[in-house]
Amino acid sequence: MLAMILAFFVTALLYASVGFGGGSTYSALLALSGFDYRLLPILSLACNVVVVTGGSIRFARAGLTPWRGALLLTAVAAPAAFLGGLTPIARDEFLFLLGLSLLLTGAGLLVPISGGDAAVPTRFARYMPLAAAPIGYLAGLVGIGGGIFLAPLLHLARWNSARAVAATASLFILVNSLFGIAGQLLKSGPGMIGAAVESGLPLLLAVVVGGQIGSLLAVRFLPQRVIRWLTAALTIVVGLRLLTGQ
């Protein structure tokens, strides 16, 4: 358990430092440890909520959240996240989708991000709500927030400035995680959250500490680009292990 606690702490620290929750990596670590896969999304989404709540509040207080666009994307994705949480899925299919989502997560972290204000949006920026629905569904299904998939699309479409995209991704992860948990509990019964918390309370505490350190201190010691590369490497390695059964 000590090794898992440390892994959750490091994951939360890395992801929080680049504005994400880390749900897919939490799920993968639990899956590799033999944790009941039916509880994975609940615990992973709960960890997401813990990590991104503080960041979402800080972005909002700083006036960085582009509320009109962020709420539109979130409103499209949240019902899909709820449906994803409701969808029954077999263990093998769950692990395959989770491993694939990790590889995509790693690729998303490697997408270069420019600072400062956004350039003129591309014609694809207006279609971002269409991408939000499938991302939300996957979020609820396998226990991720989805912001790690949305953010690279927003950057490539020059949807808004880098800081506004980060704020949007944080809110997106928070709301999708809450709706995903609701769908999971309706599917499996409210008793599952008690079982998930009872089994994973030390991991949740590790995520609380790691997330706070990541969001407040980590970027002062390592350049954000290096942190993103480290996080991408972690997710890709874990994803490959899931897909290859190693």
Could you say whether any residue in region 18-28 is modelled with pLDDT of 80 or more, surrounded by fewer than 24 Cβ atoms within 10 Å (Cβ to Cβ) and assigned to a helix (DSSP H, G or I)? no
Sole exception among (1) in a helix (DSSP H, G or I); (2) surrounded by fewer than 18 Cβ atoms within 10 Å (Cβ to Cβ); (3) modelled with pLDDT of 85 or more for residue 63, by number: (1)
Here is a list of conditions, (1) surrounded by 23 or more Cβ atoms within 10 Å (Cβ to Cβ); (2) polar (S, T, N, Q); (3) over 28 Å from residue 225 (Cβ atoms), and residue 33 meets all of them except one; can you say which number that is? (1)
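Out of 86, 43, report the one residue that is modelled with pLDDT under 90 and aliphatic (A, V, I, L, M).
Working: 86 fails: modelled with pLDDT under 90.
Answer to the selection: 43.
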For residue 237, work out the one condition from (1) in a helix (DSSP H, G or I); (2) modelled with pLDDT of 80 or more; (3) in contact with a helix residue (DSSP H, G or I) (Cβ under 8 Å, 6 or more places away or on another chain) it doesn't fulfil. (3)
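Quick one: is residue 72 aliphatic (A, V, I, L, M), at pLDDT 95 or above, surrounded by fewer than 16 Cβ atoms within 10 Å (Cβ to Cβ) and assigned to a helix (DSSP H, G or I)? Write out each step before concluding.
Working: aliphatic (A, V, I, L, M): yes; at pLDDT 95 or above: yes; surrounded by fewer than 16 Cβ atoms within 10 Å (Cβ to Cβ): yes; assigned to a helix (DSSP H, G or I): yes.
So residue 72 passes the test.
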Report yes if residue 221 is modelled with pLDDT under 90, surrounded by fewer than 24 Cβ atoms within 10 Å (Cβ to Cβ) and aromatic (Phe, Trp, Tyr), otherwise no. yes
Only one of (1) under 17 Å from residue 23 (Cβ atoms); (2) modelled with pLDDT under 75 does not apply to residue 214, and that is (2)
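The values are calculated or read from the model by the stated rules, or taken from the named source; none is laboratory data. Everything numeric here is computed off the predicted structure, so don't read it as measured data. Positions of Cβ are generated from backbone atoms using ideal geometry, with glycine treated the same way; all protein chains shown enter the neighbour counts.
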